[in-house]
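The next block holds one structure in the form of structure tokens; read it before the comments.
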Number of protein chains: 2
Amino acid sequence: MHLERLTNTIIEILRIPSTSGHEEQVRAYLEEQLSHLKIPSSMDGSGNLIATLAGQGRPLLLNAHMDRVPPGLGHEPVLRDSTLYSDGTTNLGADDAAGIVIILETLRRVLEHNLPHPPLVIVFTVQEEAGLCGANGFDAAIWNVHDGIVFDNAFAAGIVVSQGASYEAFDVTITGRTGHPGKDLASTINAIDIFRATDYPHGSLANDQARINIGRISGGCARNAIPDKVTLEGEMRSFEPEATRETYKKTIRTAFEDTAQRFGGRAEVTFKTHSSGYTINTDEPLLKTYQKVLAQRGKELELQPTFIGSDTSGFRPTINAFTLSTGVMNEHSVEEYVALEPLEQLVQDTLELFKLW
Amino acid sequence: MHLERLTNTIIEILRIPSTSGHEEQVRAYLEEQLSHLKIPSSMDGSGNLIATLAGQGRPLLLNAHMDRVPPGLGHEPVLRDSTLYSDGTTNLGADDAAGIVIILETLRRVLEHNLPHPPLVIVFTVQEEAGLCGANGFDAAIWNVHDGIVFDNAFAAGIVVSQGASYEAFDVTITGRTGHPGKDLASTINAIDIFRATDYPHGSLANDQARINIGRISGGCARNAIPDKVTLEGEMRSFEPEATRETYKKTIRTAFEDTAQRFGGRAEVTFKTHSSGYTINTDEPLLKTYQKVLAQRGKELELQPTFIGSDTSGFRPTINAFTLSTGVMNEHSVEEYVALEPLEQLVQDTLELFKLW
């Protein structure tokens, strides 16, 4: 019966469209659900929906994000063998509706069965997919909470993310000099040639401790003109210390600048740090408590590092949050799916964690 | 006084906006000017404006094109030292208003002074800049004309283009496989990496007998995704025989296809021939006649090959046309300018050519 309600709830959420910056319909749904439970909620300056439930002991933050990557359409998902699949027109949206439904179901059971629980700060964030904007904008000081769980997909359900990679976006603008390809070429500087000649670090580096990828390129404005501009959008993910990351950044910057200069052009490289990465301390009290919950049912705590960002990076280090994986697979694609029974297990584990915390 | 009228006329034309496919205002102006001269004109299926003037001897085609490259704004040009400059907001548009004004002034003088002239077929073409569309669409058979002059910019005024390069556009689509750059990379295929790894012939080749340029690139759809698509727009200009050009095309195609295959992706390369190039025979009667005109005033015929397309490629080989350069400089840019006295000289030379033809 619990699984049935959880299933119905996640299907309701998946019927609602959502993308980063357009979470309003999911937020309205959650406000309504919380109000059924008589839990007051409000929106903060970033657009996050925040709700609190008084309780005993040290406060705990529970988080899931409301946005999805595009298309993020509301749709009727396909239920087969206790697993939800997309209808094929959109990403399923279990990233992060799975996290949302775990929190909603946990709250319902606490209230229905009057279960023990700490003071809870529920944070449904906006724009996680756009760069953890909601989590970065969350003001932890107001809510007096120092520990928390981020329910989001990473690995199989129940696995905890041990390490989150830093994430830095970079933009490159290469400038040459245009001209007619049928006329004197001596005064032209081909920006695409500069890009091709630049030997910058990319791909998987340092035994997969860092990854550098250029995801977009755009250059030139006409077939019959020497291209005088190329713009690149890149990113760097790394588990390495800041000094090492600075070395990569310098190498990327000088590779483009020096090559452009050699051709007589110029290159500008700018970096923007979205998150600086984190490493969970295995002695953190909340993690130890979760480990006990697992031990009670004969399971061991599994930890895995990830290159993929999550709101955990936004909450830490102010809040000792960790990402508890929901088990959603193939997220960010129409092949996204989620098994429902592991979500029910996560609800039960969270309720058990409330007891032991 | 003649130079003054020529100057006023070209300024009138430059006040009118025109781009490829949007020549209607220039065409309307020319219809009106021709009707003042009692020369009937009509539009053909391509949008070219065609006018005829009965005369004695072998018919002659006179051509200039009505379109300009963007922005092609109508504007008030700057007249300084008998030279017209753009006002700085647009290309001047003397490409090919200079050719148009030479033809208009030639017709006016023929009629005013009752000068000898052959039967004339005046063709003001559309969409020269878009790939010689108007000239390619012109039906020479209807007009029974086998010789002609294309007034267009190439070199200093009065120089004849000896050889026009062939022009072939090519499009490349490289397809890889996308994926999240923070997840398993094994199944991804980076299309930008394929482009960078492809060693295709480009730049100036074979002692500048051929030029291959990629003018536009676009690839990837998000910073945080492995790019699975790159599209390229390229062109090849060549003075070389077809067999050599076919070798280049094959080399380009196999370079992209083989590299893509090596990465596990694929590449599609398609070519489209816009013009197949031509070489003027120095024994052509019209060229010999022009040579005599120059000799009468102590000048030698100058010939130069060009990589730059002109309607001559569209008219030949059906019509033995040649490009007579108007002397416009820095065309296709806001630095475009044209000296006016050489245009007056070209009018006088054309009138003299009518006598000797």
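The values are calculated or read from the model by the stated rules, or taken from the named source; none is laboratory data. All figures in this text were calculated on a predicted structure; none of them were measured in a lab. Glycine also receives a Cβ, built like all others from the backbone with ideal geometry; neighbour counts cover every protein chain displayed. Heads up: the accessible areas ignore ligands, DNA and RNA and are worked out on the full protein's heavy atoms, side chains in. Shrake-Rupley method; radii C 1.70, N 1.55, O 1.52, S 1.80 Å.
Laid out as a table, the results:
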item	result
Qualifying positions in the stretch B:128-170 - within 19 Å of residue B:330 (Cα to Cα) and among the charged types (D, E, K, R)	B:128, B:129, B:152
Residues located in the stretch B:196-232, provided they are among the charged types (D, E, K, R), within 29 Å of residue A:212 (Cβ to Cβ), outside any loop (DSSP other than H, G, I, E, B) and within 9 Å of chain A (Cβ to nearest Cβ)	B:196, B:216
Residue within the stretch A:55-76 that is within 21 Å of residue A:117 (Cβ to Cβ) and of a type in the set (S, T, N, Q) present	yes
Of the criteria (1) more than 7 Å from chain A (Cβ to nearest Cβ); (2) of a type outside the set (Lys, Arg); (3) without any contact (Cβ under 8 Å) to a residue 60 or more places away in the chain, which one residue B:190 fails	(3)
Scan of the stretch B:317-354 for residues that are within 16 Å of residue B:284 (Cβ to Cβ) and touching a residue at least 40 places away in the same chain (Cβ under 8 Å), ordered by number	B:318, B:319, B:320, B:321, B:322, B:323, B:324, B:353
Qualifying position, being buried (at least 23 other Cβ atoms within 10 Å of the Cβ), closer than 19 Å to residue B:351 by Cα and either at pLDDT 95 or above or within 22 Å of the chain's Cα centre (by Cα) (or both), among B:112, B:105, B:128	B:105
Which numbered condition residue A:24 fails, given (1) surrounded by 16 or more Cβ atoms within 10 Å (Cβ to Cβ); (2) more than 24 Å from residue A:290 (Cβ to Cβ)	(1)
Odd one out for residue A:73 among (1) surrounded by fewer than 16 Cβ atoms within 10 Å (Cβ to Cβ); (2) in a loop (DSSP other than H, G, I, E, B)	(1)
Any hit, the stretch A:185-192, residues being crowded, with 19+ Cβ neighbours inside 10 Å and in a strand (DSSP E or B)	yes
Any hit, the stretch B:21-28, residues being assigned by TED's automatic domain parsing to the domain that holds residue B:323, of a type outside the set (Asp, Glu) and farther than 17 Å from residue B:127 by Cα	no
Residue in the stretch B:303-315 that is of a type in the set (D, E, K, R) and open to solvent by 10 Å² or more (accessible area, probe 1.4 Å) present	no
The stretch B:159-179, residues that are surrounded by fewer than 19 Cβ atoms within 10 Å (Cβ to Cβ) and assigned to a loop (DSSP other than H, G, I, E, B)	B:159
Residue list for the stretch A:85-131, filter: in a loop (DSSP other than H, G, I, E, B), without any contact (Cβ under 8 Å) to a residue 60 or more places away in the chain and acidic (Asp, Glu)	A:87
Scope the stretch B:243-258; condition in contact with a Gly (Cβ under 9 Å, 6 or more places away or on another chain) and either at pLDDT below 95 or under 28 Å from residue B:228 (Cβ atoms) (or both); matching residues	B:252
Some residue of the stretch A:263-279 being touching a residue at least 12 places away in the same chain (Cβ under 8 Å), under 30 Å from residue A:350 (Cβ atoms) and loosely packed, with under 14 Cβ neighbours inside 10 Å	yes
Residue selected from the stretch B:336-357 under the condition open to solvent by 10 Å² or more (accessible area, probe 1.4 Å) and polar (S, T, N, Q), by the criterion nearest to residue B:114 (Cα to Cα)	B:348
